[in-house]
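Working notes for the structure below.
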Amino acid sequence: MSTIPTAVAPSSRTWLGIAREVGGGGVSGAGNATLPTATIPLDKSTYEPEDMPKFLEDLAIRGSMSQRFADVLGVEDATFNFGGPVFGDVWGFFLDNVFGDLSTTGSTPTHGTNLINSGGVAVGGTTITVQTPTGYANSSVVQIDSGSISEVVILNASGGVTGSVLTFSNYPLRFAHGSAATVTTVTGPYTHTFAVLNQTAGYGGANGAQPPTHSVTDTTYLTPSVLARTYPSLCVGQMDLTGNSENLFMGKVTGNSWQSAPASTIPTNTTTFTVPLPNWRATITIGTVSIFDIGEFSIALKRELQVYWTEQGAQSPFIIARGTLDATGAIKFTVPSDETPLNYMLNNTQPPVSIVVNNGLAGTSQIQFTLAANVAAFIKSKPNRSGVLVGYDTEFRTEANTTNVGGSGGLGQFTVTLLNNTATY
């Protein structure tokens, strides 16, 4: 008689949670394992976290014809490959991770007041003092400043307002703010602009221009007691966004993290059931002209990553360092009426490219992505005869400019603006 299993774990019940890391060990709290605050739905075929410990072989000869004498556990990290429809409420976590510069504005500003901090407040601060605290309460959603350095924080649920002091421990400031900066309460929808982080003070105030890190938690129901394993210090090395007019707006992220460990407790699944975006709603502008003969596009955001291990008495990385961010793209002109796609390359016109994907709703139900490159150098334009009509398959590279930047300034190549009803990332 065969042995009947006492428990099994259906793969369709598994889910991935994510949370931004704050405080704790390392740069900007990197490696500070954090339970998920949101769930990111994924395609089963691209739901692939993998622990990658390094095993050190003992191959030293010692008078025997055997090849290997020991495997010693060395340093360790993990890799990941996550993909599926781009959900407009939760993919902001991945965008924040790859870009690092995030400014946010809310709607319906009320209870307008000003900072009265002498000398202003620095990057990484978690409290501000305001002139008039009337209308502010625990858990209020608050916008600080305006323009490219505007940011939204959520006041602590307990102790968020003490006299004239507003506290937001889980949302350290991303930008410095002057002593008289405006402060208001806001509601949704919220506009988030993601750009490459250029300022010296990175997330949390640590020097090095490093974006935030995230913890992801993989609930498989196989981990004893807690059902899940957490992968801290997740860093996105590449994000691919694709839009085919016959399919959904799709995305994929890959990169590195620390090796997993059992979650601190059973995580909570907070799936919002947001509807994904059909890509036929996308609109594309090249130069100043709306283009209607494009059947497919793709954007690749590539972040330089290097895992550093040091002699520190621990197997986990000392840091997973983020370097330069590059952005490239491809556009398939499936039904062109002339040689315009070819001339983009032959004439090296380097026009701006803007891709907007939205769900067609309004108010707090609206979700919209705007993918923008101010300088797109087309480097390939190949006739395609695979269909009934002749098309052009083009590729472009983006170049550094002063338009595709955020509150940290400098030069950037690409920005993503996300409109939704999520206040913070």
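In table form, for the structure just shown:
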{"quantity": "Listing of strands (runs of 3 or more DSSP E) fully contained in the stretch 337-399 that carry 3 or more residues being hydroxyl-bearing (Ser, Thr, Tyr)", "calculated": "391-398"}
{"quantity": "Criterion: out of contact with any Asp or Glu (no Cβ under 9 Å at 6 or more places or on another chain), farther than 30 Å from residue 231 by Cα and either modelled with pLDDT under 95 or buried (at least 18 other Cβ atoms within 10 Å of the Cβ) (or both) - qualifying residue of 364, 402, 349, 394", "calculated": "394"}
{"quantity": "Residue that is free of Cβ contacts under 8 Å to residues at least 40 places away in the same chain and β-branched (Val, Ile, Thr), where the choices are 61, 116, 149", "calculated": "61"}
{"quantity": "Any hit, the stretch 230-243, residues being of a type in the set (A, V, I, L, M, F, W, C), within 30 Å of residue 293 (Cβ to Cβ) and assigned to a strand (DSSP E or B)", "calculated": "yes"}
{"quantity": "Matching residues in the stretch 46-71 - criterion: being outside any strand (DSSP E or B) and surrounded by 12 or more Cβ atoms within 10 Å (Cβ to Cβ)", "calculated": "46, 69"}
{"quantity": "Selected residue [free of Cβ contacts under 8 Å to residues at least 60 places away in the same chain, surrounded by 16 or more Cβ atoms within 10 Å (Cβ to Cβ), among the small types (Gly, Ala, Ser) and assigned by TED's automatic domain parsing to the domain that holds residue 210] from 298, 290", "calculated": "298"}
{"quantity": "Subset of the stretch 301-325 [of a type in the set (A, V, I, L, M) and either within 22 Å of residue 250 (Cα to Cα) or not assigned by TED's automatic domain parsing to the domain that holds residue 261 (or both)]", "calculated": "301, 325"}
{"quantity": "Test result for residue 161, over 26 Å from residue 372 (Cβ atoms), modelled with pLDDT of 95 or more and aliphatic (A, V, I, L, M)", "calculated": "yes"}
{"quantity": "Candidate set from the stretch 209-229 (those that are among the β-branched types (Val, Ile, Thr) and assigned to a loop (DSSP other than H, G, I, E, B)); member that is surrounded by the most Cβ atoms within 10 Å (Cβ to Cβ)", "calculated": "213"}
{"quantity": "Single residue of the stretch 368-383 satisfying the filter (surrounded by 16 or more Cβ atoms within 10 Å (Cβ to Cβ) and not hydrophobic (A, V, I, L, M, F, W, C)) that is farthest from residue 87 (Cα to Cα)", "calculated": "381"}
{"quantity": "Among the candidates 328, 364, 403, 349, residue that is more than 26 Å from the chain's Cα centre (by Cα), touching a residue at least 24 places away in the same chain (Cβ under 8 Å) and not assigned by TED's automatic domain parsing to the domain that holds residue 143", "calculated": "349"}
{"quantity": "All strands (runs of 3 or more DSSP E) inside the stretch 72-191 with 2 or more residues being farther than 30 Å from residue 305 by Cα and either in the same structural domain as residue 211 (by TED's automatic domain parsing) or of a type in the set (Val, Ile, Thr) (or both)", "calculated": "100-114, 127-129, 141-144, 165-167"}
{"quantity": "The stretch 365-424 - residue that is polar (S, T, N, Q) and touching a helix residue (DSSP H, G or I) at 6+ places or on another chain (Cβ under 7 Å) and, of those, nearest to residue 174 (Cα to Cα)", "calculated": "422"}
{"quantity": "Index of the failed condition, residue 159 passing every other in (1) of a type in the set (Gly, Ala, Ser); (2) in contact (Cβ under 8 Å) with a residue 24 or more places away in the chain; (3) out of contact with any Phe, Trp or Tyr (no Cβ under 8 Å at 6 or more places or on another chain)", "calculated": "(2)"}
{"quantity": "Residue match in the stretch 352-359 (condition: under 26 Å from residue 201 (Cβ atoms) and touching a strand residue (DSSP E or B) at 6+ places or on another chain (Cβ under 8 Å))", "calculated": "no"}
{"quantity": "Residues located in the stretch 248-275, provided they are part of a loop (DSSP other than H, G, I, E, B) and surrounded by fewer than 18 Cβ atoms within 10 Å (Cβ to Cβ)", "calculated": "264, 265, 266, 268, 269, 270, 271, 272, 273, 275"}
{"quantity": "Hey, residue 254 outside the structural domain of residue 43 (by TED's automatic domain parsing) and out of contact with any helix residue (DSSP H, G or I) (no Cβ under 8 Å at 6 or more places or on another chain) or not", "calculated": "no"}
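The values are calculated or read from the model by the stated rules, or taken from the named source; none is laboratory data. Remember, predicted model here, so these are calculated numbers, not experimental data. Note that we place each Cβ from the backbone using ideal geometry, even for glycine, and neighbour counts take in every protein chain shown.
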